[in-house]
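Q: Here it is: the structure, laid out below.
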Amino acid sequence: MPLNNIKHGDTVLEAKGITKRFPGVVANDHIDFEIKAGEVHAILGENGAGKTTLMNILFGLYQPDEGELFVGGENVSFKSPLDAIDLGIGMVHQHRKLVPAHSVIENIILGHPKAGKILDLKRAEEEIHELSRKYGFKIDLRAKVWQISEGEKQLVEILKALYRGAKILILDEPTSALTPIETEMLMESIKTMSSEDLAIVPFITHKLPIVLGISERVTVLRHGKVVSRLKTSEATMKRLAREMVGREVIFRVEKEEVERGAPVLEVENLSALNDKGLTALKGASFSIHEGEIFGIAGISGNGQSELVETIAGLRKEQEGKIIFNGQNISHTSSLERWQAGIGYIPADRIDVGSIGEFSLIENILMNYYFDEDFSNRGILDYKKARKLTNKIIDEFGVATPNPETTAKCLSGGNLQKIILGRVLSRKPKLIIADLPSQGLDVGATEFIRNKLIETRGEKACVILISEDLDEILSMSDWVVPIYEGEIMDIIPGEEAKREGVGAMMAGVKLEEARS
């Protein structure tokens, strides 16, 4: 095996002139890349820059049209991921490949040759415990996957690769679904793994501080080509963003003063259950006026999803009232709320916000099929729908060959632009934006934020859910920490302080947080 005698600093993986073409696009254009033992080498790029294609080639999911791969100095070719795994390459996908009903240890050994015909769980548990101890992982191997957090699921995927003997670890957007605390823990784990001469390749589109905090080198892709290679010690967030996007990116949100208008939404003593039938939202009360962004700050699983789903009509309230434009809408359907002027941008753009097999036109129609302008006695007017879709594509800068393209073919940023355009094109009075920039590159994030700020100036109001505290603090007129389903405080945006809000997100009471 080429990686058996590798020492710290040796080149373990090298790609030369990698080119991959798909109909109408060159996804990778003569890319050169290398990674050394004991190094974290980040690959940056916008959504659609070619990172995923390159990653799939390095892991044997795709075969390059041109170029060569070298592992431990030996020229190799992969017919499938099994070839890459056999040579010591492991990959952790952004979207988990785990079986929720099975335990952690069962997921790790599933399909592994070590398991044999008769499972020896005791031996496997001892070996995985030793791996966990070596790299500082803390996880209950007997727990079911559905019972553990996103951060723990990430560790399961990493352990799965390490148990198969990975010396090179490819991480696809490793922190995209993690809380700030889980992100810090993963960063420490990555540092520990690299100190043990593992080679780590994180593919990242956003969260540039993560890149600066863990990597030694950075390669930046744009439109399928390498546009920059640099040492992380010589990089800044501003420079990395400029290299990724090809222009200056403004990280600070420019927000004009907007006169506070009439009340749009009033929530009174609202409570709701989660999917397990447990109380997830406890007596929430607040009001939002025209021209306001109401930023709800919380760690995932603290009632934010239940709150916005209840307001959008996707979850039944247990107690309380929802008043929209002076009307009690508590017992109305989600469709009636759409028609009344409530727009909803879900956190899950793939499984909830779109239908991958449908064209962009059909995805836009999901917000219009009930309008008489687009539907005559049940017959959809595709001509009008196409015209609207093209308008959204132009206005929101969606990179797509045509409106007949299926949603699954779009990058994450372009799909989010379609969903945002579909919602904003109806001119709603209230926009519920649940994690609108999660997993997006810096350019798409800047665009989404600016569009939400624009709606604030058009006498609409926004409920912004984000796990990025900087995003909440920079965009919100009101900052609302939430913990275990309880709203901890409602703070004017100009008075909100990072330390105090962060403390309340962790459950510290108002008086203690402000002291």
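Values in this text are rule-based calculations from the coordinates and carry no lab data. Just so you know, these numbers come straight off a predicted model, no measurement behind them. Using ideal geometry, Cβ is built from the backbone for each residue, glycine included, and neighbour counts are taken over all protein chains shown.
Q: Once you have the Kirkwood Rh of the stretch 1-100 from its Cα pairs, apply Stokes-Einstein at 25 °C and 0.890 mPa s and quote D in µm²/s.
A: Values: Rh = 14.4 Å.
Rounded, D is 171 µm²/s.
Q: Can you pick out the pairs among LYS138/LYS497; LYS51/LYS387; LYS384/LYS427 whose Cα atoms lie more than 24 Å from each other? Intermediate values should be presented prior to the final figure.
A: Numbers: LYS138/LYS497 32 Å; LYS51/LYS387 32 Å; LYS384/LYS427 17 Å.
Distance filter (> 24 Å) returns LYS138/LYS497; LYS51/LYS387.
Q: If you compute semi-axes √(5λ) of the Cα gyration tensor in Å for the structure shown, which of (i) 41, 28, 23; (ii) 40, 32, 23; (iii) 38, 33, 19 do you land on?
A: (i)
Q: What does a probe at GLU216 reach in the stretch 158-172, counting residues whose amide N is under 18 Å from the point 7 Å along Cα→Cβ?
A: Backbone N within reach: 167-171.
Q: What do you get for trypsin sites (Lys or Arg not before Pro) in the stretch 1-110 restricted to DSSP loop and a cutoff of at most 13 other Cβ within 10 Å of the site's Cβ? Let's see the in-between values first.
A: Details: sites: LYS7, LYS16, LYS20, ARG21, LYS36, LYS51, LYS79, ARG96, LYS97; in loops: LYS7, LYS79, ARG96, LYS97.
The qualifying sites are LYS7, LYS79, LYS97.
Q: Right, next: How far apart, in nm, are two points set 7 Å out from the Cα along the Cα-to-Cβ line at ARG260 and at TYR382?
A: Distance between the two pseudo-spin positions: 5.0 nm.
Q: Mind giving me the nanometre distance, one decimal, between the label points for LYS122 and SER334, set 7 Å out from Cα along Cα→Cβ?
A: Label-label distance for LYS122 and SER334, simple model: 5.0 nm.
Q: Which loop trypsin sites (Lys or Arg not before Pro) in the stretch 373-482, with loop taken from DSSP, have no more than 11 other Cβ atoms within 10 angstrom of their Cβ? Walk me through the numbers on the way to the answer.
A: On the way: sites: ARG377, LYS383, LYS384, ARG386, LYS387, LYS391, LYS408, LYS417, ARG422, ARG426, LYS429, ARG449, LYS451, ARG456, LYS459; in loops: ARG377, ARG426, LYS429, LYS459.
Passing sites in the stretch 373-482 are ARG377.
Q: Assign unit charges at the C-beta atoms only (+1 for Lys and Arg, -1 for Asp and Glu), then state the dipole size of the stretch 29-182 relative to its Cα centre in Debye, rounded to the nearest 20.
A: Values: 18 positive and 24 negative charges, 180 e Å.
About 860 debye.
Q: Set the Förster distance to 30 Å, then compute FRET efficiency between SER233 and ALA101 from the Cβ-Cβ distance, nearest 0.05.
A: On the way: r = 46 Å, r/R0 = 1.52.
About 0.10, to the nearest 0.05.
Q: Further question on the same structure: Given a Förster radius of 30 Å and the C-beta distance between ALA399 and ASP351 as r, what FRET efficiency does 1/(1 + (r/R0)^6) yield to the nearest 0.05?
A: Working: r = 22 Å, r/R0 = 0.73.
Result of the calculation: an efficiency of 0.85.
Q: Calculated FRET efficiency, GLN147 and THR11, Cβ-Cβ r, R0 45 Å, to nearest 0.05?
A: Efficiency for this residue pair is about 0.65.
Q: Out of the stretch 456-515, which GluC sites (Glu not before Pro) are coil in DSSP terms and have no more than 12 other C-beta atoms within 10 Å? Please list the in-between numbers first.
A: Details: sites: GLU458, GLU467, GLU471, GLU484, GLU486, GLU494, GLU495, GLU499, GLU511, GLU512; in loops: GLU458, GLU467, GLU484.
Answer in residue order: GLU458.
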